[in-house]
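Read-outs throughout are calculated quantities, based only on the coordinates presented, and are distinct from any laboratory measurement. Note that the structure is a prediction, hence the values are computed from the model and not measured. Quick reminder, even Gly has a Cβ in these numbers, built from the backbone with ideal geometry, and neighbours come from all protein chains shown.
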Amino acid sequence: MNITTLLKRGVLIVRVEGELDMHVADKFRQIVDNALETSGVKHILFNLEAVKFIDSSGLGVILGRYKKINAAGGKVLIAHIQPQVIQIFELSGLLKIIKFYNSEAEALECL
Amino acid sequence: MAIKNQIKIVLQSLSENVAIARVTAAAFAAQIDFTLNEIEEIRVAVSEAVSNVVIHGYAEQQGQIELIMNLYEDKLEYIIVDTGKGIADVLLARQPSYSSDPERMGLGFIFMESFMDELDVTSEVNKGTTVRMAKKIVSSAAH
């Protein structure tokens, strides 16, 4: 797993690469939480273009960030999701609470 | 029904082996004419079952996980066996959002159930758990 974080228009962009399972879940959570804390921004955008696999451990981290950010009045957005990963989001119910966009630019426009 | 092909592997209960388990499961499924989505479903279901063993069965302590893969005429079967702490109430553990940890979604069994056609969980406290799941093979003539 490889994670790049950057700030754009007051949004923390998290670009994830690899497989989001229990092996990397703790590290994924720590990197995102650290970046949120040091940047102090309210919104987060996950770019999942290079995520080839996700299971409930990976979804759990995203849901955990959603709960935290939502409670602080921020928004969680997701851009570029692979078709085989979408069905996992669908079944988990996360698709109902987190908005999906085709690109980072499109997501940023909607904030 | 006769087993047409079988692979058994034993994995040490380590989080890095979860990926190896699901890759092996997908490779075994590749001998069938499954769609990419169906293969993905198998990858997720096996990943969930093996993750459960590492996280809960052995509670991140040492242990062995047996993964048995059987090919039958009409289905592909995956059996995940551990000798860890077991589940006190299997019916309760299979409920949505049942999780002992707030950061986890409690979706492991839901994914296994939704993505596979059969799921049986047998468990005994302090003896271990066996998860058996199977995906039906729809013959290509029926496509």
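Here are the numbers:
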| read-out | value |
| --- | --- |
| Gaussian network model of chain A, Cα within-10 Å springs - most flexible of A:Ala71, A:Ala79, A:Ala50 | A:Ala71 |
| Inter-chain Cβ neighbour average for residues A:52-65, partner chain, 10 Å | 6 |
| Top of B:Glu48, B:Glu38, B:Glu16 by mean-square fluctuation, Gaussian network on chain B, Cα under 10 Å | B:Glu16 |
| Net +/- balance of residues flanking A:Ile3 in space, Cβ distance below 9 Å, scoring K and R +1, D and E -1 | +1 |
| ³J(HN,Hα) computed for each position of the range A:49-59 - Karplus, 6.51 cos²θ - 1.76 cosθ + 1.60, integer Hz, glycine/proline x | 4, 9, 8, 8, 8, 9, 10, 5, 5, x, 4 |
| Pairs beyond 24 Å (Cα-Cα), from A:Lys67/B:Lys85; A:Lys52/B:Lys8; A:Lys52/B:Lys135; A:Lys99/B:Lys135; A:Lys27/A:Lys96 | A:Lys67/B:Lys85; A:Lys52/B:Lys8; A:Lys99/B:Lys135; A:Lys27/A:Lys96 |
| Virtual spin-label span in nm between B:Gln31 and B:Ala88, 7 Å along Cα→Cβ | 4.2 nm |
| Local electrostatic count at A:Ala72 - Lys and Arg +1, Asp and Glu -1, tallied over other residues with Cβ under 14 Å | +3 |
| Set of aspartates and glutamates near B:Lys127 by C-alpha distance (under 16 Å), chain-local residues within fewer than 8 positions excluded | B:Glu66, B:Asp82, B:Asp89 |
| Gyration tensor over alpha-carbon atoms, chain B, equivalent ellipsoid semi-axes in Å | 25, 16, 14 |
| Distance between modelled label sites at B:Ile68 and A:Leu7, nm, 7 Å Cα→Cβ extension | 5.6 nm |
| Axial C-alpha extent at least 30 Å, average Kyte-Doolittle at least 0.5 - helices from chain B (DSSP) | none |
| Rounded, prolate or oblate (a/c below 1.5 giving rounded, otherwise prolate when a/b exceeds b/c) for chain A by Cα gyration tensor | rounded |
| For B:Ser139, A:Ser92, order by how many other beta-carbon atoms lie within 10 Å, fewest first | B:Ser139, A:Ser92 |
| GNM top mover of A:Lys67, A:Lys96, A:Lys52 - chain A, alpha-carbon springs below 10 Å | A:Lys96 |
| Partner chain coverage, peptide A:92-98 - average Cβ within 10 angstrom | 2 |
| Value at 222 nm in deg cm²/dmol, rounded to 500, when DSSP H runs of n ≥ 4 in the protein assembly as shown each add -39,500 (n - 2.57) | -11500 deg cm²/dmol |
